[in-house]
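The values are calculated or read from the model by the stated rules, or taken from the named source; none is laboratory data. None of these values were measured; they are calculated from a predicted model. We place every Cβ from the backbone using ideal geometry, glycine too, and count neighbours over all the protein chains shown. In case anyone asks, the SASA skips ligands and DNA or RNA and just uses the protein heavy atoms, side chains included. Shrake-Rupley method; radii C 1.70, N 1.55, O 1.52, S 1.80 Å.
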Amino acid sequence: MERAEAYGFSGAMSGAFLLSCLLFAAVSRRQRGPYMDEVFHVPQAQAYCHGRFLQWDPMITTLPGLYLLSVGVVKPAAWLLGWTGSVVCSVGMLRFINLLFSAGNFYLLYLLLFKVHQKNKAVSGFQRILSALTLAVFPTLYFFTFLYYTDPGSVFFTLFSYLMCLYGNHKTSALLGFCGFMFRQTNIVWTVFCAGNVVAEKLNEAWKIELQKKKDEKISSRKGSFSDLTRTLQFLVEYLISPKNLLTLTALTWPYIILVSLFFVFVFINGGIVVGDRSSHEACLHFPQLFYFLSFTVFFSFPHLLTPTKIRRFLLSLRKHPVQYSLITVISLFLIWKFTYVHKYLLADNRHYTFYVWRKVFQRHELVKYLLVPFYIFAGWSFADTLKSKSIFWILMYFVCLLAVTVPQKLLEFRYFILPFLVYRLNVPFLSLYRQLLELAFYILVNAVTFYLFLNRTFQWENSDEVQRFMW
């Protein structure tokens with residue numbers, strides 16, 4: 001990092017942290033007590049603060065990583081600063097842990113952008129800083145910086161694990177992956193993703209050698225034609241059934257294999273992935289979740305995905321491959337018809353944005369969910385098109401992880417899209433400075449509206465005296 005870039009990054013990070021502290025103070029003043037899921041998280045952390053480690057709220061569905069880390073940070077800080085009484089492990093103190101995670105996420109996002117795009121010498125230091133700042137204030141993640149939720153910590157350890165993986169420190173990466181798993185069980189998918197990075201790299205090396213052997217055949221790992229995909233999948237199967245190749249990959253990825261094996265042991269002993277209230281978190285094949293994620297990504301990455309050039313190229317692709325797109329359309333309609341689920345929380349809780357998205361869009365008419373298929377197909381094409389700089393094996397591995405982390409979820413919840421979105425966004429090429437500034441301005445606008453609604457547009461339910469607030 002050059003000196004000017006280092007100064008610029010320090011200034012951006014310090015400024016963002018200062019503004020976050022001011023916003024944190026405003027949120028804490030308006031909402032002093034636990035809100036929403038904090039009603040479960042805060043008392044559990046406070047029980048740990050008082051040494052009651054065997055106490056557990058059965059409504060909590062995640063492992064105790066957040067509470068253990070909170071106690072490990074707050075208790076020593078309280079001892080050093082001489083704090084006593086209710087201030088130790090208070091709501092505000094516990095929420096502050098996530099503010100620290102937010103700063104850490106900013107730094108990790110910058111380091112990841114630097115590492116992922118290190119071969120692109122055209123990217124300036126200012127662009128890296130701007131992109132890191134933009135992702136650090138990504139609205140769905142940034143909002144939960146100010147509440148005691150698992151999201152900031154979950155993202156922190158997953159990004160840290162990914163960074164160590166890219167630097168080849170796989171044992172450290174697996175250990176950090178375990179920490180991420182302790183925050184949210186579904187983060188095991190991103191441990192598989194890290195292992196997949198290693199596998200994809202080896203596959204890509206072998207594929208290049210294979211192409212050299214067949215110079216007379218115009219095979220490309222990035223053209224995207226059906227025949228190329230068939231050849232690639234054939235090569236993939238042949239490579240993976242070789243005992244020698246499997247032994248090599250096992251030697252490279254054994255820390256991740258151990259962690260994934262421990263995960264399966266946990267699932268077997270626990271009787272499922274959820275540790276608490278399983279009735280509201282049942283796994284199912286909810287394939288439209290992929291369509292919702294693609295729509296979510298287009299909304300938050302419209303400078304990347306929703307451009308006139310991309311629309312023209314999509315229409316050209318549509319004209320060239322009508323049979324393929326017709327088949328995709330039929331499959332999409334079938335998946336929506338047979339695998340659409342509506343969680344009871346989605347219909348009952350009018351504090352979340354998803355409630356209004358579902359009511360204002362999907363509940364307008366039974367046919368709406370089918371009429372959106374052309375948009376889903378464009379979103380999927382545009383999404384894949386922005387990843388064409390990656391190898392075909394990386395793309396296949398990422399899509400497998402994307403399906404694994406979204407499809408089993410019955411509840412439409414934007415928080416579940418945070419990590420797959422960030423991993424995607426870290427790996428797409430840099431935009432022009434104008435589009436980067438547009439993206440940042442859009443995120444700031446969405447955050448401003450969200451916090452205004454949360455802080456000022458309160459309401460009450462008929463059967464409750466508690467103040468209710470709008471949120472993600």
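Pairs Lys244/Lys410; Lys115/Lys338; Lys208/Lys410; Lys171/Lys410; Lys115/Lys320; Lys171/Lys390: which exceed 30 Å Cα-Cα?
Lys244/Lys410; Lys115/Lys338; Lys208/Lys410; Lys171/Lys410; Lys115/Lys320
Distance from the Cα centre of region 136-183 to that of region 286-304, in angstrom?
If you average the Cα positions of each part, the centres end up 21 Å apart.
May I ask you to compute the full-extension gain from Ile209 to Leu367, defined as 0.36 nm times their residue separation minus their alpha-carbon distance, rounded to one decimal in nm?
Contour length minus Cα-Cα distance gives 51.9 nm.
At q = 0.17, 0.20, 0.26, 0.28 Å⁻¹, what log₁₀ I(q)/I(0) does region 225-289 have when each alpha carbon counts as one equal point scatterer in the Debye sum?
Reported log10 I(q)/I(0), two decimals: -0.89, -0.91, -1.02, -1.08.
If you average the C-alpha positions of region 67-130 and of region 452-472 separately, how far apart do those two centres end up, in angstrom?
29 Å
Show that you can apply the helix-only estimate: for the chain, add -39,500 (n - 2.57) for every DSSP H stretch of four or more residues, divide by all residues, and state [θ] at 222 nm to the nearest 500.
Estimated from H runs of four or more residues: -22500 deg cm²/dmol.
Translational D (Stokes-Einstein, µm²/s) of region 277-319 at 25 °C and 0.890 mPa s when Rh comes from the Kirkwood sum over C-alpha pairs?
191 µm²/s
Take the Cα atoms of region 1-129, build their convex hull, and give its volume per residue in Å³.
Considering the Cα atoms of region 1-129, their hull volume per residue is 147 Å³.
Within the accessible area of the chain, what % is carbon and sulfur when the probe is 1.4 Å and the other protein chains stay in place?
66 percent
Write down Rg/Rh for region 367-472, rounded to two decimals, with Rg from the C-alpha atoms and Rh from the Kirkwood relation over Cα pairs.
1.06
Name the residue farthest towards the positive end of the dipole of the chain from the options His281, Val71, Asn169, assuming +1 on Cβ of Lys and Arg, -1 on Cβ of Asp and Glu, about the Cα centre.
Asn169
Whole number in Å², please: accessible area per residue of region 1-158, 1.4 Å probe, ligands, DNA and RNA not counted.
About 44 Å² of surface per residue is accessible.
With viscosity set to 1.306 mPa s at 10 °C, what whole-number translational diffusion coefficient in µm²/s follows for region 323-408 from Stokes-Einstein and a Kirkwood radius over Cα pairs?
105 µm²/s
Working from the pairwise distances between different alpha carbons, so that the mean of 1/r is found and then inverted, what is region 46-200's Kirkwood radius in Å?
With all distinct Cα pairs of region 46-200 included, I get 16.9 Å.
Once region 236-379 is represented by equal point scatterers at the alpha-carbon sites, with solvent omitted, what log10 I(q)/I(0) does the Debye formula produce at q = 0.13, 0.14 Å⁻¹?
-0.93, -1.00
Quick one: grab Rg to one decimal and Dmax as a whole number for the chain, Cα atoms only, in Å.
In Å, with Rg to one decimal and Dmax whole: 23.1, 77.
Could you sort 302-308, 356-362 so that the peptide with the highest average Cβ count within 10 Å comes first and the rest follow in order?
My ranking of the peptides, most packed first, is 302-308, 356-362.
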